[in-house]
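Enquirer: Sharing a structure, written as structure tokens. Questions coming.
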Amino acid sequence: MNKVQCPICDAAMPGNWQEYPDYPFCSARCRKIDLGRWLDGKYRVPDPTPPDSSSDGPGDAD
Ligand SMILES: [Zn+2]
């Protein structure tokens, strides 16, 4: 039998998972945390060119 655990806080989730509106998270809070992580990873793009790169010209080919 699989033991269901919240992937965020590792809290055990006894009972039927259907009882958890925020499944697979134990609560809306953990769901928010997961969402935040996801958005953070999605929108955090590394800047290859430093802003102080003496604007010599458009090096952006795209
Ligand atoms: Zn949790």
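We did not get these values from a lab; they are worked out from the coordinates using the rules stated. Note that the structure is predicted; figures quoted are calculated from it, not measured. Here the Cβ is made from the backbone with ideal geometry for all residues, glycine too, and neighbour counts use every protein chain on show.
Enquirer: Is it fair to say Arg37 is within 8 Å of the ligand (Cβ to nearest atom) and surrounded by fewer than 16 Cβ atoms within 10 Å (Cβ to Cβ)?
Expert: No, not satisfied.
Enquirer: What tally of residues in the range 23-34 results from selecting those that are among the basic types (Lys, Arg) and surrounded by fewer than 16 Cβ atoms within 10 Å (Cβ to Cβ)?
Expert: Of the residues in the range 23-34, 2 are among the basic types (Lys, Arg) and surrounded by fewer than 16 Cβ atoms within 10 Å (Cβ to Cβ).
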